[in-house]
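Novice: Below is the structure I would like to discuss, written out as structure tokens.
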Amino acid sequence: MSWQPQYRSSKFRHVYGKAASKDKCYDCVPITLNVHDNYFCAVNPYFLAVVTECAGGGAFLVIPITQTGKLDPHYPKVCGHKGNVLDIKWNPFNDFVIASCSEDRTVKIWDIPNHLLQRNITSPKKELLGHSRRVGLIEWHPTAGNILFSSGYDYKVMIWNLDVQEAVISNPVKILDVHTDVILSMSFNTDGSRLATACRDKKIRVIDPRAGTVLQEASHRSHRVNKVLFLGNMEKLFSTGTSQWNNRQIALWDQNDLSAPLLKEDLDGSSGLLFPIYDADTHMLYVVGKGDGNIRYYEISPEKPYLNYLMEYRSHLPQKGIGMMPKRGLDVSACEIFRFYKLIPTKSLIEPISMIVPRRSESYQEDIYPLTAAAQPALTAQEWLNGVNKEPLLVSLRPGSGAVNSLPQFLEPEVRMESADLSQEQVWGVMTPLEDKQKPREIEDGRNQLKVEEKSSKTEQMRLSISSGVFENPSLKTKSELLRMFYLQQDEIRRLRELINQRDVQIKQLKLELRNLHT
């Protein structure tokens, strides 16, 4: 009988949640009492925006991220809507532009000044008119600048191009009319070429937004979906909802085959909604419960069992909504890998919660901070509308680097190495010199480790044949191909190190078993 160890090596195995002290919270904030199922909060490295109560229309607050403590009861608001504000989202490529949607059937774009607000903001930069009923959701495109998606209770998703001169836009560039009921959730894949939606008709749809066609559709009798989420480049979807027994339930799907879920699990019998949040850099998935104080977190793997439970952050204070800080705003010196902003209306409090990897060293931990999405668009709005897809631009979180490293997919003909025989700065763009020096050594180490792995295991040789073929292909000449090759090697090196650690644990366990058998 073969023995298999029940241990799994992971650098995020001991991640824990740490709530901020009282003086670093935002107190006396009049959080909205609206029962709409949404986040009601948006965060970037400069501002915290939260939907608030307001007489005679809808409003939200924009608070500088450093202005903690008690909020002035007369603090200025952004109050141009005639109905309750239902959703707010910061522009991912401009930290001073925010979009909001409301029950008054409009979407408004606001410019936020970079100084402390002195008076209410009532005039939007742009106003989008097109929905015939209230607008419940808005989403910015992840790679194209100034492309905004909105969905309303008219069952339509509208695509807006904000790169126009008009202050009032009445005609969206595209209308997706493929739903039969209210849309509850929208999510993009990494390059924004696919849109996943969850609808009140209990169906999950994967849509090509430019063609307006439904590519995949799922309807599972025992899973009533509320929220759906693309899991980065894993080619999987994650959904939260309720089972036929009204238990809160999570499910994992293959985005290319939605006929049946890969995984389905009941969590508890609470009635609150579950908000799924995915960190593509660490492959960690957070499930936040509305109406309770818990945040469960998992690690996603490409192979079975797919979903690996790590731990749960517990609190006695229930949350109504949640905000997420982009990776650019994290404290890397404290090994902070994620930060939530928890809305607690019973105490009029916004409480930051940091997810921390326990490390003794105070130096920059490169293994838990891979390159992350930058604050620059990879392509223009018109390029995306014309059919171009590009991966997000990437940036290093190393303090002092300040360098944006793009991974562009060039449309020009292939450039030969003779014509591209440039210095390291030209080849690698604007990467830091220290990283430039480390790359050849890391690439060489990756190749050596791949060779050792191919010799030691035939099964691993089959699994690595594709990636090693990519790494050693002499036809890869362009900058984008070289960069992609380097990132693939880095991922392969990390995977091999984890595999070695797992085998070390297995060897120790086998030695212990042999010793027990002898005695």
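Novice: Starting from region 296-315, take each residue that is touching a residue at least 60 places away in the same chain (Cβ under 8 Å) and list its partners that are among the polar types (S, T, N, Q) and in a strand (DSSP E or B), counting only C-beta distances under 6 angstrom and pairs at least six apart or across chains.
Specialist: Close Cβ pairs satisfying both conditions: GLU299/ASN308.
Novice: While we're looking at this one, here's another question. I want to confirm something. Restricting to region 267-280 and keeping residues that are over 23 Å from LEU215 (Cβ atoms) and assigned to a strand (DSSP E or B), which single residue is modelled with the lowest pLDDT?
Specialist: Going through region 267-280, the residues over 23 Å from LEU215 (Cβ atoms) turn out to be 267-275, 277, 279.
Okay, now just the ones that are also assigned to a strand (DSSP E or B), so 267-268, 274-275, 277, 279.
Details: LEU267: 91, ASP268: 87, LEU274: 94, PHE275: 95, ILE277: 96, ASP279: 95.
It comes out as ASP268.
Novice: May I ask you to say which residue of SER21, SER9 is of a type in the set (Ser, Thr, Tyr) and free of Cβ contacts under 8 Å to residues at least 12 places away in the same chain? Working first, answer last.
Specialist: On the way: SER9 fails: free of Cβ contacts under 8 Å to residues at least 12 places away in the same chain.
Exactly one of SER21, SER9 is of a type in the set (Ser, Thr, Tyr) and free of Cβ contacts under 8 Å to residues at least 12 places away in the same chain, namely SER21.
Novice: GLY212 - would you say it is at pLDDT 90 or above and either under 16 Å from TYR306 (Cα atoms) or buried (at least 21 other Cβ atoms within 10 Å of the Cβ) (or both)?
Specialist: Numbers: at pLDDT 90 or above: yes; either under 16 Å from TYR306 (Cα atoms) or buried (at least 21 other Cβ atoms within 10 Å of the Cβ) (or both): no.
When the stated conditions are applied, GLY212 does not pass them.
Novice: With respect to LYS89, is the statement that it is more than 15 Å from GLU351 (Cα to Cα), under 28 Å from the mean Cα position of the chain (by Cα) and of a type outside the set (Val, Ile, Thr) true?
Specialist: Working: more than 15 Å from GLU351 (Cα to Cα): yes; under 28 Å from the mean Cα position of the chain (by Cα): yes; of a type outside the set (Val, Ile, Thr): yes.
Judged against the criteria, LYS89 is a match.
Novice: With the requirement that a residue be farther than 18 Å from ILE169 by Cα and of a type outside the set (A, V, I, L, M, F, W, C), what does region 104-121 give you? Step through it out loud before you land on a result.
Specialist: To start, the set of residues in region 104-121 that are farther than 18 Å from ILE169 by Cα comprises 112-121.
Passing the criteria: PRO113, ASN114, HIS115, GLN118, ARG119, ASN120.
Novice: Kindly indicate whether LEU117 is touching a residue at least 24 places away in the same chain (Cβ under 8 Å), part of a loop (DSSP other than H, G, I, E, B), open to solvent by 10 Å² or more (accessible area, probe 1.4 Å) and hydrophobic (A, V, I, L, M, F, W, C). Steps first, please.
Specialist: On the way: touching a residue at least 24 places away in the same chain (Cβ under 8 Å): yes; part of a loop (DSSP other than H, G, I, E, B): yes; open to solvent by 10 Å² or more (accessible area, probe 1.4 Å): yes; hydrophobic (A, V, I, L, M, F, W, C): yes.
In short, yes.
Novice: So in region 357-368, with the set limited to residues that are in contact with a strand residue (DSSP E or B) (Cβ under 8 Å, 6 or more places away or on another chain) and buried (at least 16 other Cβ atoms within 10 Å of the Cβ), which one is nearest to ARG314 (Cα to Cα)?
Specialist: Of region 357-368, the ones in contact with a strand residue (DSSP E or B) (Cβ under 8 Å, 6 or more places away or on another chain) are 357-358, 368.
Those left that are additionally buried (at least 16 other Cβ atoms within 10 Å of the Cβ): 357, 368.
Numbers: VAL357: 17, ILE368: 24 Å.
This residue is VAL357.
Each row is one residue, and each column tells you yes or no for (1) part of a strand (DSSP E or B); (2) open to solvent by 10 Å² or more (accessible area, probe 1.4 Å); (3) more than 22 Å from ILE353 (Cα to Cα).
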| site | (1), (2), (3) |
| --- | --- |
| LYS11 | no, yes, no |
| HIS14 | no, yes, no |
| VAL29 | no, no, no |
| PHE60 | yes, no, no |
| PRO76 | no, yes, yes |
| ILE88 | yes, no, no |
| ASN94 | no, yes, yes |
| ILE98 | yes, no, yes |
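Novice: Turning to a different aspect of this structure: Which pairs have Cβ atoms under 9 Å, sit 6 or more apart or on different chains, and link a residue in region 488-513 that is part of a helix (DSSP H, G or I) to one that is open to solvent by 60 Å² or more (accessible area, probe 1.4 Å) and polar (S, T, N, Q)?
Specialist: Between residues of region 488-513 that are part of a helix (DSSP H, G or I) and residues that are open to solvent by 60 Å² or more (accessible area, probe 1.4 Å) and polar (S, T, N, Q), the close pairs are GLN506/GLN4.
Novice: Among all residue pairs at least 6 apart or on different chains, which show Cβ distances below 9 Å where the first residue, located in region 350-376, is within 16 Å of PRO45 (Cβ to Cβ) and at pLDDT 95 or above and the second is among the small types (Gly, Ala, Ser) and in a helix (DSSP H, G or I)?
Specialist: So the pair list comes out as SER354/ALA334.
Novice: Can you name the residue in region 299-356 that is outside any strand (DSSP E or B) and polar (S, T, N, Q) and is also least open to solvent (accessible area, probe 1.4 Å) among such residues?
Specialist: The initial filter retains those residues of region 299-356 that are outside any strand (DSSP E or B), namely 301-306, 314-320, 325-335, 345-348.
Narrowing the set further to residues that are polar (S, T, N, Q) leaves 301, 315, 319, 333, 346, 348.
Details: SER301: 22, SER315: 31, GLN319: 6, SER333: 72, THR346: 106, SER348: 42 Å².
Top of the filtered list is GLN319.
Novice: Exactly one condition in (1) assigned to a loop (DSSP other than H, G, I, E, B); (2) under 20 Å from the mean Cα position of the chain (by Cα) is not met by TYR155; state its number.
Specialist: It is condition (2) that TYR155 fails.
Novice: Would you confirm whether or not region 140-147 contains a residue that is over 23 Å from the mean Cα position of the chain (by Cα) and closer than 13 Å to GLN382 by Cα?
Specialist: Filtering region 140-147 down to residues over 23 Å from the mean Cα position of the chain (by Cα) leaves none.
The answer is no; no qualifying residue exists.
Novice: A further question on this structure: For residues in region 44-58 being over 21 Å from THR346 (Cα atoms) and open to solvent by less than 40 Å² (accessible area, probe 1.4 Å), which is nearest to the chain's Cα centre (by Cα)?
Specialist: The first filter runs over region 44-58 and keeps only residues over 21 Å from THR346 (Cα atoms), leaving 44-47, 56-57.
Filter once more, keeping what is open to solvent by less than 40 Å² (accessible area, probe 1.4 Å): 44-45, 47, 57.
Numbers: ASN44: 13, PRO45: 15, PHE47: 18, GLY57: 31 Å.
Looking at the filtered set, the residue picked out is ASN44.
Novice: Quickly run through region 120-141 and pick out the residues that are of a type outside the set (Gly, Ala, Ser), over 16 Å from ASN161 (Cβ atoms) and assigned to a loop (DSSP other than H, G, I, E, B).
Specialist: Residues of region 120-141 that are of a type outside the set (Gly, Ala, Ser), as a first pass: 120-122, 124-129, 131, 133-135, 137-141.
Still in the list and also over 16 Å from ASN161 (Cβ atoms): 120-122, 124, 131, 133-135, 137.
Once the filter is applied, which keeps residues that are of a type outside the set (Gly, Ala, Ser), over 16 Å from ASN161 (Cβ atoms) and assigned to a loop (DSSP other than H, G, I, E, B), region 120-141 yields ASN120, THR122, PRO124, HIS131, ARG133, ARG134.
The values are calculated or read from the model by the stated rules, or taken from the named source; none is laboratory data. Owing to the predicted nature of the structure, the values given are computational and were not obtained by experimental measurement. Backbone-built Cβ (ideal geometry, glycine too); neighbour counts: all protein chains shown. Side chains included, ligands, DNA and RNA excluded: accessible areas come from the protein's heavy atoms. Shrake-Rupley method; radii C 1.70, N 1.55, O 1.52, S 1.80 Å.
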